[in-house]
Amino acid sequence: MIINLQKFIEAEKDYWTELEVILDKIENEPEHKMAAEQVKQFHYLFQRTSADLAKIATFSSEPEIFRYLESLTARAYGNIHEIREKPYRLFPLKWFFYTFPQTFRRHIRAFYLSLAITFVGFVFGGIAISFDPMAKEIVLPFRHLQGSPSERVANEEKVLDDRIKGVKMTGATWYMTHNTKVSIFVMASGITWGIGTIILLFYNGVILGAVALDYILAGQSKFLLAWLSPHGIIEIPAVLLAGQAGLVLANALIGWGKRTSLRMRFREISGNLVTLVLGVGIMLVWAGFIEAFISQYHEPVIPYSFKIAFGIIELILLVLFLSASGTKIKQKDA
Amino acid sequence: MHEEKTNTLLIKTPEGIIFSMLLAGPLTRFLAWGIDLACIFVVSSILGILLGIFGLISLDFSRALTVLAYFFISISYSIVTEWYWRGQTIGKRLLRLRVMDVQGLRLQFSQIMIRNLMRFVDSLPAFYFIGGAACLISKRAQRLGDFAANTIVIRNPKIVEPALNQLLAGKYNSLREYPHLCARLRQNVTPKEAGIALQSLLRRNELEPLARVELFEKITSHFRSIVEFPDEATYGITDEQYIRNLVDILFNS
């Protein structure tokens, strides 16, 4: 059957043009807000055009008009059929003190798993160094960690002046950017069914374990604590949280015991992943500053007791923040 | 049932209307990424020069700001532009690509964040090898980031309004003097044949003069074999005019 194309075009052409003008405006001016009447008209035009598309697809063999109407319908569809809740206006403090810790606790099992994998790596690295000192060259990729801990401590403690004067800020940004890249990579590797995340967490644990045991066996436990704790107390949990995000992603991908579709599972966790990654980013900015401005100075410039106490205070605050922040709101909501 | 890989994505609206979207292939996307990379380089370079001014106060501070600015721009460029331009970066705008929700819905910020953070894996080992391979394998041409974020990248070629006025003729049609033959014509011509006649008219200006004459001659001879109008109805009109009259009968009844 062939429709009366002349009448059809004459009747509908103006509506198509009007819809195209609105779509061009929406696309070229993303901040443009429509009034209620304009929204109604937009919806009406979309319905009319999509009905025209259905007519022309059924009754005619006119491909150019079909493609034109299809393009208009596709462009309008995304704007009309947005059924999900609009994102809230951003409240940074509320997000940081409520949403972030709540999200962390919501996926606490993934965090414990992340911690366990790192711990296994830590034990492995420690054992490797304890039983085979030659393993240091393979396990520790950083040249400055391959020497004798006692010699390093002796050399560090000889320094009385500000040896990193003039490069502190550059150092801080390097630590921040490098660690953030590593953390994003740990999270993103969750897409490999979690295998990539597990390997990275394990390897991170191996390095930590090897360094720790190397210094402990050399009798430099105090130096080790003073060196690592000011920044490590935040940096290591940040990587663990990135691992948590990676494992949450992997869990959604695998979908054990869940009846929802893969698409739905990804939708459910997407906001949580973003929250965890942004939280990790903030933690690493703090850790970067501390590493450049405090961790790299040793006795007699900064007393070890001060650095260790600083680390302990950070740890207490971090545990309190992640375990208790935002709990009151949750109780009220419940 | 196994679904074959196609270059279109079919969407069915709640009203029951089905429409398709053209999926962007890995090569087009790679080109868009190349343009974006150039943009990042230009912006970072300009910012680097501007931040160099801080070197007068402290060289350390200036260097730190430059490193931080490059890192921030390289990570946030796609996130910010795709969020502001609803799924488009500069490269995507130039090549008429757009990131969309896999169901054709509006993009959420979390989707944009995830698909861009996943670039760290997609770009491995170099030049988006993993992402490109995933794109080739995936039936919706998705890289891993798109897969995790429930997004697709579509190509939105500029489709201009067809020259509809050409169809709205209104001139004298000698064939209409024979209504019984017109009715037979409408009865015997298939929609496909009618479409060929219409398209030949709409696209006639794209043809070389000789090819245009030959094409209309062939089409006319085909339609004459379906319904033969008397000589007095077709006397003095060209093959192209003959087809114009036929289209008028077929589509404007």
Using only the alpha carbons of segment B:164-251, determine the length spanned along each of the three principal axes and report them from longest to shortest in whole angstroms. 35, 25, 24
Which FRET efficiency, nearest 0.05, do B:LYS218 and A:ALA57 yield, Cβ-Cβ r, R0 25 Å? 0.35
Backbone HN-Hα couplings from phi across segment B:26-43 [Karplus 6.51/-1.76/1.60, Hz, Gly and Pro as x]: x, 5, 4, 5, 5, 5, 4, 4, x, 5, 4, 4, 5, 4, 4, 4, 5, 4
Rounded FRET efficiency, nearest 0.05, which uses the C-beta distance separating B:VAL80 from B:ILE49 and R0 of 30 Å: 0.90
I'd like the distance separating the alpha-carbon centroids of segment B:80-159 and segment A:193-238, in whole Å. 36
What list of whole percents do you get for P(r) of segment A:127-252, with Cα-Cα distances grouped in 10 Å bins up to the one holding the largest distance? 12, 33, 35, 16, 3, 0
Based on C-alpha coordinates, I'd like the Rg and Dmax of segment A:206-334, in Å. 18.8, 61
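Mean residue ellipticity at 222 nm from the helices of chain A, using -39,500 (n - 2.57) per DSSP H segment of n ≥ 4 over the full residue count, to the nearest 500 deg cm²/dmol? It would help to have the intermediate numbers written out before the result.
On the way: 13 runs with 246 residues, N = 334.
Theoretical 222 nm ellipticity from helices: -25000 deg cm²/dmol.
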Which stretch or stretches of segment A:220-260 have amide N atoms under 15 Å from the point lying 7 Å from A:LYS136's Cα along the Cα→Cβ direction? A:220-221, A:224
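Could you work out the Kirkwood radius for segment A:127-184, taking every pair of different alpha carbons, averaging 1/r and inverting it, reported in Å? Numbers along the way, then the final one.
Numbers: mean 1/r = 0.0704 Å⁻¹.
Result for segment A:127-184 stands at 14.2 Å.
May I ask which of B:LYS158/B:LYS192; A:LYS25/A:LYS258; B:LYS139/B:LYS218; A:LYS258/B:LYS92 have a Cα-Cα span longer than 32 Å here? If you can, show how the numbers build up before the last one.
On the way: B:LYS158/B:LYS192 25 Å; A:LYS25/A:LYS258 42 Å; B:LYS139/B:LYS218 41 Å; A:LYS258/B:LYS92 36 Å.
Exceeds cut-off: A:LYS25/A:LYS258; B:LYS139/B:LYS218; A:LYS258/B:LYS92.
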Listed residues B:GLN88, B:GLN103, B:GLN199, most fluctuating in chain B (Gaussian network, C-alpha, under 10 Å): B:GLN199
How big is the Rg/Rh ratio for segment B:61-141, C-alpha atoms only, Rh by Kirkwood, two decimals? 1.03
From the gyration tensor of the Cα coordinates in chain B, what semi-axes in whole Å does the equivalent ellipsoid have, largest first, with each one equal to sqrt(5λ)? 57, 21, 15
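From the Cα gyration tensor of segment A:239-301, with a ≥ b ≥ c the square roots of its eigenvalues, which class applies: rounded if a/c is under 1.5, or else prolate if a/b is larger than b/c, or else oblate? Let's see the in-between values first.
Details: a/c = 7.70, a/b = 3.50, b/c = 2.20.
The shape class here is prolate.
Rounded to the nearest 500, what is the 222 nm mean residue ellipticity of chain B from helices alone, with -39500 (n - 2.57) per DSSP H run of 4+ residues and division by all residues?
On the way: 12 runs with 142 residues, N = 253.
After summing the helix terms and dividing by residue count, I get -17500 deg cm²/dmol.
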In Å and from the alpha-carbon atoms only, list the Rg and Dmax of the protein assembly as shown. 33.0, 114
Using a 1.4 Å probe on the protein heavy atoms, what percent of the accessible area of segment A:5-80 belongs to carbon and sulfur? 53
Expressed to one decimal in nm², the mean projection of the alpha carbon convex hull of segment B:4-77 is 7.9
Report Rg/Rh for segment B:8-155, rounded to two decimals, where Rg is the Cα radius of gyration and Rh the Kirkwood radius. 1.07
Would you mind calculating the relative contact order of segment B:164-251 from Cα pairs under 8 angstrom and at least 6 residues apart, reporting the percent as a whole number? 49
Exposed chymotrypsin sites (Phe, Trp or Tyr not before Pro) being those in a DSSP loop with at most 16 other Cβ atoms within 10 Å, the longest stretch of chain B free of them is B:1-126
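Any idea what % of Cα-Cα pairs in segment A:5-80 are farther than 16 Å?
Numbers: 1331 of 2850 pairs.
Of all Cα-Cα distances in segment A:5-80, 47 percent exceed 16 Å.
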What total accessible area, in Å², is buried where chains B and A meet, using a 1.4 Å probe and rounding to the nearest 100? 6200
Using the Karplus curve 6.51 cos²θ - 1.76 cosθ + 1.60 with θ = phi - 60°, what ³J(HN,Hα) values do you get for each residue of segment A:283-294, in whole Hz, with x for Gly and Pro? 4, 6, 4, 4, 4, x, 4, 5, 4, 6, 9, 10
Per its Cα gyration tensor (rounded if a/c is under 1.5, else prolate when a/b beats b/c, else oblate), chain A is best filed as prolate
Select from segment B:14-44 all residues whose loss of accessible area on going from the chain by itself to the full protein assembly reaches 10 Å² or more (probe 1.4 Å). B:PRO14, B:GLU15, B:ILE17, B:ILE18, B:PHE19, B:SER20, B:MET21
Between A:PHE306 and A:LYS33, what is the FRET efficiency for a Förster distance of 41 Å, r being their Cβ-Cβ separation, to the nearest 0.05? 0.15
List, in order, the whole-Hz ³J(HN,Hα) value for each residue of segment A:200-209 obtained from phi through the Karplus relation with A = 6.51, B = -1.76, C = 1.60 and θ = phi - 60°; use x for Gly and Pro. 5, 5, 4, 5, 4, x, 4, 4, 4, x
12 Å cut-off, amide nitrogen to a point 7 angstrom out along A:SER150 Cα→Cβ, residues in segment A:208-235: A:217-220
Straight-distance crosslink candidates among aspartates and glutamates, where the alpha carbon sits under 12 Å from A:LYS222 and sequence neighbours closer than 8 are dropped: A:GLU299
Determine the residues within segment B:92-114 where the difference in accessible area between the chain on its own and the full set of protein chains amounts to at least 40 Å²; count protein heavy atoms only and use a 1.4 Å probe. B:GLN103, B:LEU105, B:ARG106, B:GLN108, B:SER110, B:MET113, B:ILE114
With every protein chain present, what is the per residue accessible area of the protein assembly as shown (1.4 Å probe, Å²)? 52
Only Cα pairs within less than 10 Å get springs; with that Gaussian network setup on chain A, which residue of A:THR170, A:THR197, A:THR73 has the largest fluctuation? A:THR73
Rounded to the nearest 10 Å², what accessible area does A:LEU318 have for a 1.4 Å probe in the complete protein model? 20
Counting only C-alpha contacts under 8 Å and six or more residues apart, can you give the relative contact order of segment A:92-333 as a whole percent? 35
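The values are calculated or read from the model by the stated rules, or taken from the named source; none is laboratory data. Fair warning: this is a prediction, and the values are worked out from it, not measured in the lab. Heads up, the Cβs are rebuilt from the backbone with ideal geometry, glycines too, and the neighbour counts pull from every protein chain shown. Side chains are part of the model used for accessible areas, which takes the heavy atoms of the whole protein and leaves out ligands, DNA and RNA. Shrake-Rupley method; radii C 1.70, N 1.55, O 1.52, S 1.80 Å.
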